[in-house]
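Below: one structure, written as structure tokens.
The values are calculated or read from the model by the stated rules, or taken from the named source; none is laboratory data. All values reported here derive from a predicted model rather than from experimental measurement. Heads up, the Cβs are rebuilt from the backbone with ideal geometry, glycines too, and the neighbour counts pull from every protein chain shown. Ligands, DNA and RNA are excluded from the accessible area calculation, which covers all protein heavy atoms including side chains. Shrake-Rupley method; radii C 1.70, N 1.55, O 1.52, S 1.80 Å.
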Amino acid sequence: AQSVTQLDSQVPVFEEAPVELRCNYSSSVSVYLFWYVQYPNQGLQLLLKYLSGSTLVESINGFEAEFNKSQTSFHLRKPSVHISDTAEYFCAVSDINSGYSTLTFGKGTMLLVSP
Amino acid sequence: KAGVTQTPRYLIKTRGQQVTLSCSPISGHRSVSWYQQTPGQGLQFLFEYFSETQRNKGNFPGRFSGRQFSNSRSEMNVSTLELGDSALYLCASSLVPSGLNTNTGELFFGEGSRLTVL
């Protein structure tokens, strides 16, 4: 079984400041890693994913995350946030060998960007 | 192309009633999963369907059930509703089912059905 820990339930930050949302996972097997974003009253949208290859993955809107196997982490970063980045961010893992793509989610981190 | 469509978006029920939620996946997607989202427990996996067969099930009581039709549309049902069933129920579709090499693990979520149990 896997578990995901998002250490911060809320992260307040000023516009144009950098931000890091932390995610650690626990798993005895190899995993795929994901970040999903949820805007108010909407479903989840995939932000970025790590399946294999380069441990640094990027999204089209400036977010990046780095897979660190030794620290079992997949932290999300953005060098300069916008007001429109205000949303809840969920880290998730799936066991690539289980035969299922069932996602195990963290509890989420609410990113609050203020002017 | 249209995204994942869930109906109804909002509904209110009383304890003891039952509810059916519907999900239409993205055209061409044949795998449908359901998740429950609550403030306390976060996002929890309910079940996954592919080709009208349940492929995986989360740790929920038997009051929670689902099915998938030949056109890939899915429904989930909750019987004998309890106050704790109040939640946002999210449906997600994917192109192929879990376990295949071509599965990228990416799920496409609908906007959810918000159930309030009074």
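Using only alpha carbons, build the gyration tensor for the protein assembly as shown and give me the equivalent ellipsoid semi-axes, biggest first, whole Å.
Details: eigenvalues 168, 90, 52 Å².
Ellipsoid half-lengths, sorted descending, are 29, 21, 16 Å.
Report the relative contact order of chain A, percent, no decimals, based on alpha-carbon pairs under 8 angstrom and at least 6 residues apart.
Worked out over chain A, it gives 38 percent.
Under a 1.4 Å probe, what is the accessible area of chain B per residue, stated in Å²?
So chain B comes to 47 Å² accessible per residue, rounded to a whole number.
Under 8 Å for C-alpha pairs, at least 6 residues apart: give me the relative contact order for chain B, rounded to a whole percent.
Normalised by residue count, the contact order of chain B is 36 percent.
What lysines could a cross-link reach from B:LYS13, if we take a straight Cα to Cα line under 30 Å and drop same-chain neighbours fewer than 8 places away?
Once the sequence-local lysines are set aside, what remains near B:LYS13 is A:LYS107, B:LYS57.
Separation of region A:1-42 and region B:35-53 by C-alpha centroid, Å?
Cα centres, region A:1-42 to region B:35-53: 19 Å.
For the residue pair B:GLU106 and A:HIS82, what label-to-label distance in nm results when each label sits 7 Å from Cα along the Cα-to-beta-carbon direction?
It works out to 2.1 nm between the two label points.
Residues with amide H under 5 Å of B:SER86's amide H, sequence separation 5 or more or different chain, H placed in the peptide plane at 1.01 Å from N; which?
Distant-sequence amide H within range of B:SER86: B:VAL117.
Between B:THR80 and B:GLN44, what is 0.36 nm times their sequence separation minus the Cα-Cα distance? Round to one decimal in nm.
Details: separation 36, 0.36 × 36 = 12.96 nm, distance 1.98 nm.
Using 0.36 nm per residue and subtracting the Cα-Cα distance, I get 11.0 nm.
State, as an integer percentage, the relative contact order of region A:22-68 based on alpha-carbon contacts under 8 Å between residues 6 or more apart. Don't jump to the answer; show the numbers that get you there.
On the way: 49 pairs, mean separation 11.8, N = 47.
Worked out over region A:22-68, it gives 25 percent.
Among the GluC sites (Glu not before Pro) within region A:4-33, which fall in a DSSP loop and have no more than 16 other Cβ atoms within 10 Å of their own Cβ?
When the GluC sites (Glu not before Pro) of region A:4-33 are filtered for loop state and at most 16 Cβ neighbours within 10 Å, A:GLU15, A:GLU16 remain.
If I take R0 = 30 Å and measure r between the Cβ atoms of A:THR5 and A:VAL29 in this structure, what FRET efficiency does the formula 1/(1 + (r/R0)^6) give, to the nearest 0.05?
0.95
What is the mean projected area of the alpha carbon convex hull for chain A, to one decimal in square nanometres?
The Cα convex hull of chain A, projected and averaged over all directions, gives 7.0 nm².
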